[in-house]
Amino acid sequence: MTEPTDITSIAPRDKAEILAQALPYIRKYHGKTMVIKYGGNAMTDPALQQDFAEDVVLLKLVGINPVVVHGGGPQIETLLKRLGKQGQFIQGMRVTDPETMEVVEWVLAGEVQQDIVGLINQAGGKAVGLTGRDGAMIRAQKLRMTDQKDPKLEHDVGQVGDIVSIDPSVVKALQDDQFIPVVSPIGFGEQNESYNINADVVAAKLATVLQAEKLLMLTNIRGVLDKDMRLLTELTPRQIDDLVADGTISGGMIPKIAGALDAAKSGVNAVHIIDGRVPHALLLEVLGNEPFGTMIRSH
Ligand code: ADP
Ligand code: MG
């Protein structure tokens with residue numbers, strides 16, 4: 001990670017120059033939607049949280065429409081531990097029994113979402129927190145998960161949801177009204193039951209139905225790494241298949257890369273997995289001219 005620069009020591013002339021360099025990007029993205037998956041360390045470090053909130057507000061103020069979808073793995077883990085429950089994962093998905101589902105809803109919709117809303121508001125924006133229930137946005141059903149190696153084997157991961165459909169009208173209405181939507185990845189089923197959906201999957205699908213210009217996934221690592229821990233700056237669908245098949249991509253990176261690839265193939269112009277530990281990662285990616293992290297190609 002780079003050392004933070006003391007910006008008070010930058011000459012005003014240079015500051016003006018830096019701002020002017022952002023102009024082409026602002027023009028390019030004006031009026032466009034960007035879906036941002038907020039997760040990992042960027043979400044737990046207070047300084048990075050504030051950077052993130054400022055970046056989101058700045059994007060909104062220059063006429064870009066950010067939509068935030070947040071995760072909450074570490075926060076869910078903390079509360080589960082306090083309750084004496086051990087979290088369990090299968091192929092990157094959290095096994096969700098009814099008690100875990102309650103915890104997931106408390107933590108995501110109650111705590112994490114409202115923290116993000118508060119931070120964005122403090123930075124001068126107008127954020128509105130939503131779950132998939134609001135505006136009947138995210139319809140879901142129980143995820144049927146087959147084993148990666150043996151397609152005949154099915155894993156029961158409880159109330160983990162598979163998205164049936166997303167109705168983005170509530171998000172669009174808020175955007176048009178200068179609000180910044182902050183979405184918790186919770187869906188509802190036919191019996192009004194709740195589903196815990198991986199936030200990467202929600203972000204990817206939402207980016208697709210909104211026909212977003214960009215999908216940015218902030219995470220707790222530099223991007224997708226190869227076997228020797230080198231950063232892969234660009235990935236094609238074929239390369240992704242190979243990396244998943246040989247186990248180089250595992251755990252939480254599996255639903256992330258799958259969602260990213262789906263979005264790229266479904267018309268989202270730019271899909272990037274970026275390092276949320278870098279201060280102002282969001283602005284760097286959108287308004288900077290040096291790409292970082294991993295770009296996912298559609299072909
Ligand atoms: P997030 O909060 O961003 O969703 P996850 O823990 O779900 O975080 O997913 C990111 C994690 O995926 C990384 O911290 C890393 O441990 C894991 N991972 C597995 N395979 C890879 C890979 N090939 N490159 C990078 N990260 C990987
Ligand atoms: Mg994850």
Counting only residues 5 or more places away or on other chains, whose amide H sits under 5 Å from the amide H of Asn65 once H atoms are built in the peptide plane? Gly31, Lys32, Thr33, Met34
With the convex hull built on the alpha-carbon atoms of the chain, volume per residue in Å³ sits at 136 Å³
Give me the percent of the accessible area of the chain that comes from carbon and sulfur atoms, probe 1.4 Å, all protein chains in place. 52 percent
Given charges at Cβ of Lys, Arg, Asp, Glu: the chain dipole, positive-most of Gly247, Leu143, Leu283: Leu283
If you put +1 on each Lys and Arg Cβ and -1 on each Asp and Glu Cβ, how big is the dipole of segment 139-246 around its Cα centre, in Debye rounded to 20? 100 debye
Taking the Cβ of Glu190 as the center, what net charge do the other residues with Cβ under 12 Å away carry, scoring Lys and Arg +1 and Asp and Glu -1? +1
Could you count how many Lys pairs in segment 31-105 have their Cα atoms under 27 Å apart, skipping same-chain pairs fewer than 8 positions apart? 4
In debye, nearest 20: dipole of the chain around its Cα centre with unit charges on the Cβ of K, R (+) and D, E (-)? 500 debye
Around Asn65: net Lys/Arg minus Asp/Glu count, Cβ-Cβ under 12 Å: +1
Karplus couplings for segment 53-69 from phi (6.51 cos²θ - 1.76 cosθ + 1.60, θ = phi - 60°), rounded to Hz, Gly and Pro as x? 4, 5, 4, 4, 5, 4, 4, 4, 5, 8, x, 9, 9, x, 10, 9, 10
Where GluC sites (Glu not before Pro) fall in DSSP loop in segment 60-121, at most 15 other Cβ within 10 Å: none
If you count, for each residue, the other Cβ atoms within 10 Å and average over each peptide, how do 248-256, 181-189, 199-207, 31-39 line up from highest to lowest? 199-207, 181-189, 31-39, 248-256
Counting only heavy atoms of protein chains, what accessible area per residue, in Å², does the chain have with a probe of 1.4 Å? 49 Å²
Just order 290-297, 170-177 by mean Cβ neighbour count inside 10 Å, highest at the front, would you? 290-297, 170-177
Listed residues Thr8, Gly40, Leu119: farthest to the positive end of the dipole of the chain (Cβ charges): Thr8
Tell me, what is the Rg over Rh of segment 171-299, with Rh the Kirkwood radius over Cα pairs? 0.99
Helix-only estimate, please: 222 nm mean residue ellipticity of the chain, summing -39500 (n - 2.57) across DSSP H runs of length 4 or more and dividing by its residues, to the nearest 500. -11000 deg cm²/dmol
Can you give me the distance in nm between label points at Ala47 and Ser266, each placed 7 Å from the Cα along the Cα-to-Cβ direction? 3.8 nm
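The values are calculated or read from the model by the stated rules, or taken from the named source; none is laboratory data. No experiment lies behind these values; they were computed from the predicted model shown. Because the Cβ atoms are built from the backbone with ideal geometry, glycine has one as well, and the counts that use them run over all protein chains shown. Note: accessible area is taken over every heavy atom of the protein model, side chains too, but ligands, DNA and RNA are not part of it. Shrake-Rupley method; radii C 1.70, N 1.55, O 1.52, S 1.80 Å.
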